[in-house]
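First up is the structure itself, then whatever we jot down about it.
The values are calculated or read from the model by the stated rules, or taken from the named source; none is laboratory data. Predicted model, so just to flag it, every value in this text is computed and none were measured. Here Cβ is always computed from backbone atoms with ideal geometry, including for glycine, and neighbour counts include all displayed protein chains.
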Amino acid sequence: MVADLHLHTRYSDGTYEPEELAAAAHRLGLGCLAITDHDTVEGCLPMSRACAALGLAFIPGVELTAEFKGQEIHILGYGFDPEDRDFVDQMARFQAVRQQRIREMVARLKELHIPLEADQVFRLANCRSPGRPHVARALVEAGVCRDVDEAFERFLKKHRPAWVPKSRIGADEAITLVHRAGGVAVLAHPGLYHVDAWLPELVRAGLDGIECYHTKHGPSLTDYYVTMAHRLGLLVTGGSDCHGHSKGQPLLGSIRLAPELVDRLRQHIAYRQAARAALHHSASP
Ligand code: AMP
Ligand code: FE
Ligand code: FE
Ligand code: ZN
């Protein structure tokens with residue numbers, strides 16, 4: 001049962017509906033999927049239904065933005081309870097921050113005399129967890145930019161005029177948040193950061209795994225992180241980071257995680273959930 005464990009849907013900055021994503025994955029011969037939308041778990045229930053209907057295994061997931069050593073890093077959560085009240089409340093707070101950030105980005109664009117309204121972005125995003133890709137698409141739709149890449153290059157990339165930093169929780173907080181909801185915490189695409197030297201610190205904070213297989217990791221980088229994961233006793237995960245049709249051809253299925261690695265992740269999730277259940281049990285009077 002090969003898996004793709006890093007996928008975005010239209011509940012954040014992907015373009016696929018859960019049902020479309022499940023159908024496309026099924027056609028590509030994948031057996032297990034996790035969606036990892038930014039700061040939302042709304043897609044998990046429809047996706048679990050869509051996967052069940054096609055006989056695919058499903059793991060609830062999320063991608064959180066965190067801060068570590070002065071850098072933005074992404075923490076993937078897997079196997080948590082998507083109905084955990086505290087977790088869902090926390091996602092709602094992250095989403096409110098994202099919506100406010102869209103308004104700030106639009107205000108910056110206004111200062112540059114670019115006529116874009118926040119409502120245009122919200123209408124296009126049509127989700128609670130909007131991000132820069134939605135602003136980019138709105139700029140294309142408004143005829144300001146030729147494509148999404150140009151929008152990022154001119155306005156939205158770090159330190160460009162309409163870039164607004166996202167308020168971020170600490171990496172340790174992100175890991176704890178995932179654990180409390182019964183999930184497993186994995187460092188997303190470490191090849192995009194410069195935190196390798198501090199990985200042991202993340203392990204002490206409770207990190208469970210590393211996303212070794214990712215479309216932005218070449219073969220030698222992948223090997224490097226697999227070795228690192230073994231040395232640190234961490235799980236090995238992987239996924240394509242497919243955002244649908246937003247950036248050319250969909251990446252879905254370009255990473256195929258081996259069944260043994262999927263099984264190990266699921267075992268770890270079961271262990272984490274048992275620990276959470278025991279905790280709830282001892283906490284109740
Ligand atoms: P945000 O979470 O709002 O900061 O947006 C980050 C998302 O923007 C990432 O998850 C990617 O999907 C996308 N992204 C980042 N950089 C680029 C880029 N240069 N071109 C297109 N999309 C990008
Ligand atoms: Fe994204
Ligand atoms: Fe990411
Ligand atoms: Zn992602």
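General remarks:
- Pairs meeting the criteria (first residue in the stretch 219-248 and part of a strand (DSSP E or B), second residue among the β-branched types (Val, Ile, Thr), beta carbons under 6 Å, at least 6 apart or on different chains) are Val236/Val226; Thr237/Val186; Gly238/Ile255; Gly239/Ile255.
- If you go through the stretch 9-30 and pick out every residue that is in contact (Cβ under 8 Å) with a residue 40 or more places away in the chain and under 15 Å from Ala125 (Cβ atoms), you end up with 8.
- Only one of the numbered conditions (1) in a helix (DSSP H, G or I); (2) in contact (Cβ under 8 Å) with a residue 24 or more places away in the chain; (3) closer than 22 Å to Pro133 by Cα is not met by Glu42, and that is (1).
- Criterion violated by Leu45 - all others in (1) modelled with pLDDT of 95 or more; (2) touching a strand residue (DSSP E or B) at 6+ places or on another chain (Cβ under 8 Å) satisfied: (2)
- Failed item, numbered, when His134 is tested on (1) more than 11 Å from ligand 1 (Cβ to nearest atom); (2) in contact (Cβ under 8 Å) with a residue 12 or more places away in the chain; (3) not charged (D, E, K, R): (1)
- Condition check for His194: under 25 Å from Asp172 (Cβ atoms), away from ligand 1 (no atom under 16 Å from the Cβ) and in a loop (DSSP other than H, G, I, E, B): yes
- When Ala92, Ala136 are screened for being outside any loop (DSSP other than H, G, I, E, B), within 16 Å of ligand 4 (Cβ to nearest atom) and of a type outside the set (D, E, K, R), only Ala136 passes.
- Tabulated pairs, the stretch 60-73, first acidic (Asp, Glu), second at pLDDT below 95 and more than 12 Å from ligand 4 (Cβ to nearest atom), C-beta under 6 angstrom, 6+ apart or interchain: Glu67/Arg168
- First in the stretch 97-109 and more than 15 Å from Lys157 (Cα to Cα), second anywhere and in a helix (DSSP H, G or I) and at pLDDT 95 or above, Cβ under 7 Å, 6 or more apart: Arg103/Ala118
- Residue match in the stretch 68-89 (condition: more than 30 Å from Ser167 (Cβ to Cβ) and among the aromatic types (Phe, Trp, Tyr)): no
- Which listed residue is within 16 Å of ligand 2 (Cβ to nearest atom) and among the basic types (Lys, Arg), from Arg27, Arg101: Arg101
- Search result, residues across the stretch 233-252 that are at pLDDT below 95 and touching a Cys at 6+ places or on another chain (Cβ under 9 Å): Pro250
- Among the residues of the stretch 5-33, those identified as outside any loop (DSSP other than H, G, I, E, B) and within 16 Å of ligand 1 (Cβ to nearest atom) are Leu5, His6, Leu7, Leu21.
- Here Arg231 clears all of (1) among the basic types (Lys, Arg); (2) surrounded by 13 or more Cβ atoms within 10 Å (Cβ to Cβ); (3) more than 24 Å from Phe87 (Cα to Cα) except the condition numbered (2).
- Residue match in the stretch 165-176 (condition: within 25 Å of Phe87 (Cβ to Cβ), among the polar types (S, T, N, Q) and either in contact (Cβ under 8 Å) with a residue 60 or more places away in the chain or surrounded by 16 or more Cβ atoms within 10 Å (Cβ to Cβ) (or both)): yes
- Yes/no for Lys166 being within 17 Å of the chain's Cα centre (by Cα), within 16 Å of ligand 2 (Cβ to nearest atom) and not in a helix (DSSP H, G or I): yes
- In the stretch 143-162, the qualifying residues are those that are crowded, with 16+ Cβ neighbours inside 10 Å and over 20 Å from the mean Cα position of the chain (by Cα), and the one that is nearest to ligand 4 (Cβ to nearest atom) is Ala151.
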